[in-house]
Amino acid sequence: MTTANKTVLLTGDSPLHAELHQIIEMNGYRVVSLTEAAAEPEAIFLALEVNSLNLEAKKEQLSDIDHLLAPSVPIVTTSLAITATEAASWTQNPERVCGFGTLVPLAERALFEVAPALQTEEAALAATLEFFQSLGKETEVVEDEVGLVFPRILSLIINEAAFTLMEKAATPQDIDTAMKKGTNYPYGPLEWADRIGLDEIYAISRGLQRDLAEERYRTAPLLRKLVLAKRYGVRSGQGFYSYQPKDGGEV
């Protein structure tokens, strides 16, 4: 590839943004914002949109990207809170939209899940798979459902742990210790949520509830409150635990 066609447009405010920016640049691509891409739209090799929580912002960004870039440029979007099929329906060229999903920290993720929309053409899917593989990640094509596989299952575990904490069945530390020692998970569900970002978990949980409308997907009120209070976890200094330098402990 030439320098020009290794330019990637990256937009969105998900916790994934900063880590994707870093890993994409580390693998020889040039990363630009939507404003920068507007000055040279013909240079864009692929557009990557990563916005999970704010669906109106996501819709606006996808529309802007769709109008800016040539119809042949693939648009790859996170399909954690909504399906790729819904996201594609917001564009004039839905055949070039493909969904994907993963969670931070990316250093711990060997595999990215890719979910083609019903409208996705084979060329867009192939370009998406090739791109993530070029970042040194394995890929797996999964069905286009909210949350995909790993993010969905982990979010449900975290949501249940939040209900358990609300019901005062155990302390955060006891919940995490029980799950780590009982299941051999690398982290307890509450500390795992803090590492990923409670806003990401909340977006997936709300997306499942919105899309499937089943009681088992009801979001724990405590999770919602923490997100509204901007207690996202490690990156904000507070989540289910406090990460202040001198006074660690639970919220």
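The values are calculated or read from the model by the stated rules, or taken from the named source; none is laboratory data. If you're wondering where the values come from, they're calculated on a predicted model, not measured in any experiment. Every residue, glycine as well, gets a Cβ built from its backbone with ideal geometry; the counts of neighbours run over all protein chains shown. Protein only, heavy atoms only, side chains kept; ligands, DNA and RNA dropped before computing areas. Shrake-Rupley method; radii C 1.70, N 1.55, O 1.52, S 1.80 Å.
Could you list, in their original order, any pairs among Lys59/Lys230; Lys58/Lys181; Lys58/Lys230; Lys58/Lys168; Lys137/Lys180; Lys58/Lys137 whose Cα atoms are separated by more than 31 Å?
Pairs exceeding the cut-off: Lys58/Lys181; Lys58/Lys168.
Can you compute the charge dipole magnitude of segment 20-85 about its Cα centre, using +1 on each Lys and Arg Cβ and -1 on each Asp and Glu Cβ, nothing else charged? Give it in debye, rounded to the nearest 20.
200
About the Cα centre of segment 32-175, how large is the charge dipole given +1 on each Lys and Arg Cβ and -1 on each Asp and Glu Cβ? Please answer in debye to the nearest 20. Don't skip to the end; give the middle numbers.
Details: 7 positive and 23 negative charges, 67 e Å.
It comes to approximately 320 debye.
Considering the dipole of the chain built from charges on the beta carbon (Lys and Arg +1, Asp and Glu -1) around the Cα centre, which of Ala70, Thr219, Ser236 is farthest to its positive end?
Toward the positive end, the furthest listed residue is Ser236.
Please tell me the relative contact order of segment 167-225 in percent, rounded to the nearest whole number, where contacts are Cα pairs under 8 Å and at least six residues apart.
Relative contact order, segment 167-225: 20 percent.
Which is farthest toward the positive dipole end of segment 110-171 among Leu156, Val142, Ala169, measuring Cα position about the Cα centre, with Cβ charges +1 (Lys, Arg) and -1 (Asp, Glu)?
Positive-most Cα among the choices belongs to Ala169.
Between segment 34-53 and segment 186-235, how far is it from one alpha carbon centroid to the other, in angstrom?
Spelled out, the Cα-based centre of one part sits 28 Å from the other.
With a ≥ b ≥ c taken as the square roots of the eigenvalues of the C-alpha gyration tensor of segment 81-153, please select rounded if a/c is under 1.5 and otherwise prolate if a/b is larger than b/c or oblate if it is not? Please report the intermediate quantities before stating the final value.
On the way: a/c = 2.31, a/b = 1.37, b/c = 1.68.
Taking the square roots of the gyration eigenvalues as a ≥ b ≥ c, segment 81-153 is oblate.
Name the long-range amide H neighbours of Gly233: under 5 Å, sequence gap of 5 or more, or other chain; modelled H, no Pro or chain starts.
Result for Gly233 returns Leu198, Gln238, Gly239.
Where the only charges are on Cβ atoms (+1 Lys, Arg; -1 Asp, Glu), what is the dipole of the chain about its Cα centre, to the nearest 20 debye?
860
So, R0 is 41 Å and r is the distance between the beta-carbons of Thr35 and Lys181; what FRET efficiency does that work out to, to 0.05?
0.25
Mind checking the full-extension length gain between Met26 and Glu140? Use 0.36 nm per residue of separation minus the Cα-Cα distance, one decimal, nm. Please list the in-between numbers first.
Details: separation 114, 0.36 × 114 = 41.04 nm, distance 2.23 nm.
Gain in length upon complete extension: 38.8 nm.
For Met166, Met179, Met26, what's the largest-to-smallest order of accessible area, 1.4 Å probe?
The residues order as Met26, Met166, Met179, largest area first.
At a 1.4 Å probe, what is the % contribution of carbon and sulfur to the accessible area of segment 72-145?
In segment 72-145, the share of accessible area belonging to carbon and sulfur is 49 percent.
Packing-wise, with mean Cβ within 10 Å as the measure, how do 154-161, 80-87 rank, highest first?
The densest-packed peptide leads the list: 80-87, 154-161.
Pull out the extension gain between Asn5 and Ser236, defined as 0.36 nm times the separation in residues minus the alpha carbon to alpha carbon distance; nm, one decimal.
79.6 nm is the gain from fully extending Asn5 to Ser236.
Can you give me the accessible area per residue for the chain, using a 1.4 Å probe, in Å²?
On a per-residue basis, the chain sits at 46 Å².
For the chain, what does the relative contact order come out to in percent, with C-alpha contacts under 8 Å and a separation of six or more? Could you put the intermediate results ahead of the total?
Values: 477 pairs, mean separation 35.7, N = 251.
Computed over the chain, the figure is 14 percent.
With an 8 Å Cα cut-off and a minimum separation of 6 or more residues, compute the relative contact order for segment 118-206 in percent. Present the calculation step by step, with values, prior to reporting the outcome.
Numbers: 51 pairs, mean separation 22.2, N = 89.
So the answer I get is 25 percent.
Work out how much length Glu167 to Asn54 would gain on full extension: take 0.36 nm times their residue separation and subtract the Cα-Cα distance, in nm to one decimal.
So the extension gain works out to 37.8 nm.
Could you rank the peptides 112-123, 56-67 by their average count of other C-beta atoms within 10 Å per residue, with the highest value first?
On the way: 112-123: 20.0, 56-67: 17.1.
Per-residue mean Cβ counts within 10 Å order the peptides as 112-123, 56-67.
Collect residues whose amide H, placed 1.01 Å from N in the peptide plane, falls under 5 Å from the amide H of Gly147; neighbours closer than 5 in sequence don't count.
Hits under the 5 Å cutoff: Leu80, Ala81, Ile82.
Counting each DSSP H run of 4 or more residues in the chain as -39500 (n - 2.57), what helix-only mean residue ellipticity at 222 nm follows after dividing by all residues, to the nearest 500 deg cm²/dmol?
-13500 deg cm²/dmol, from helical runs alone.
Cut-off 20 Å, label point 7 angstrom out along Cα-to-Cβ of Ala123: give me the residues of segment 38-74 whose amide nitrogen falls inside.
Once the point is set 7 Å along Cα→Cβ of Ala123, 41-49, 65-74 turn out to lie under 20 Å by backbone N, inside segment 38-74.
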